[in-house]
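The values are calculated or read from the model by the stated rules, or taken from the named source; none is laboratory data. Only a predicted model underlies this, so the values are computations on that prediction, with no experimental measurement involved. All Cβ positions, glycine included, derive from the backbone under ideal geometry; neighbour counts span all protein chains shown.
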Amino acid sequence: MNAVPFDTLKLAQSLEAAGLAPPVAAGTAVALAEAMTNSDLATKADLALLESNLIRRIEASDARHDARFDAQDAAMNARFAAQQTEMNTRFDAQQTYMDTRFDAQDAAINARFDAQQAAMDTRFATQQADINLKHATQVTSIAALSQAIDAKLELLRRDMTIKLGTMMFVAVGVILAAMRFMPHP
């Protein structure tokens, strides 16, 4: 059961002091307290809990994305290292073989090696650009999610303020109506 946001005894005493009969004053205070405790209003504690849960979820999502990016980066580095080792081994063997051949063929082999190195540089640059694009997309997605959550929290706060104002207006109306129909001494 939710706590009543006001002192019912003090309200009843104030109504009695205003001229209402003690049973009517007590009944009005109890009715108002029941109306306010049975309503489904979010408290500051509820909003704080919701905010902390959302922050925890966003941080967990960030951690998961960071772990995925780190794993992908490590895998790409391992693949690049393996490719580099394989290419170095192949080129070293090829260079040894070519050294035994005619000096005239040395220029052709160097040109071929340069072309292959340029192709690998282009390929690595393309893969790095793809990684950077995926990272930027994830960062944008997280920022958009954060903005959407902030907007929803603002709407929730606004709705709760309107509901509380409406309930206070109704409560004052009930008290005034009760005072109007009560006999005055």
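Side notes on the structure shown:
- The set of residues in the range 131-157 that are hydrophobic (A, V, I, L, M, F, W, C), in contact (Cβ under 8 Å) with a residue 60 or more places away in the chain and within 29 Å of Gln72 (Cβ to Cβ) comprises Ile142, Leu145, Ile149.
- Yes/no for Ile175 being in a helix (DSSP H, G or I) and within 30 Å of Met36 (Cβ to Cβ): yes
- Per-region count, the range 158-169, residues over 27 Å from the mean Cα position of the chain (by Cα) and without any contact (Cβ under 8 Å) to a residue 24 or more places away in the chain: 4
- Count of residues meeting criterion [farther than 29 Å from His135 by Cβ and aliphatic (A, V, I, L, M)] in the range 78-116: 8
- Test for Ala25: is it hydrophobic (A, V, I, L, M, F, W, C), closer than 26 Å to Met167 by Cβ and surrounded by 14 or more Cβ atoms within 10 Å (Cβ to Cβ): yes
- Matching option when the condition is polar (S, T, N, Q) and exposed (fewer than 10 other Cβ atoms within 10 Å of the Cβ), among Thr161, Thr89, Thr140, Thr100: Thr100
- Candidates in the range 69-86 are the residues that are of a type in the set (A, V, I, L, M, F, W, C) and more than 30 Å from Ile109 (Cβ to Cβ); of these, the one that is surrounded by the most Cβ atoms within 10 Å (Cβ to Cβ) is Phe69.
- Residues satisfying the stated conditions in the range 145-185, i.e. of a type in the set (A, V, I, L, M, F, W, C) and closer than 17 Å to Glu51 by Cα: Leu145, Ala148, Ile149, Ala151, Leu153, Leu155, Leu156, Met160
- Pair list, Cβ under 9 Å, 6 or more apart: the range 61-77 residue farther than 16 Å from Asp130 by Cβ and in contact (Cβ under 8 Å) with a residue 60 or more places away in the chain, other residue among the hydrophobic types (A, V, I, L, M, F, W, C) and surrounded by 10 or more Cβ atoms within 10 Å (Cβ to Cβ): Ser61/Ile142; Ser61/Leu145; Asp62/Ile142; His65/Val139; His65/Ile142
- Hits in the range 35-52 (condition: under 16 Å from Arg157 (Cβ atoms) and either at pLDDT 85 or above or surrounded by fewer than 12 Cβ atoms within 10 Å (Cβ to Cβ) (or both)): Asp40, Lys44, Ala45, Leu47, Ala48, Leu49, Leu50, Glu51, Ser52
- Residue in the range 119-138 that is of a type in the set (Asp, Glu), under 23 Å from Phe80 (Cα atoms) and in a helix (DSSP H, G or I) present: yes
- Here Gln127 fulfils each of the conditions (1) more than 30 Å from Asp62 (Cβ to Cβ); (2) in contact (Cβ under 8 Å) with a residue 24 or more places away in the chain apart from (1).
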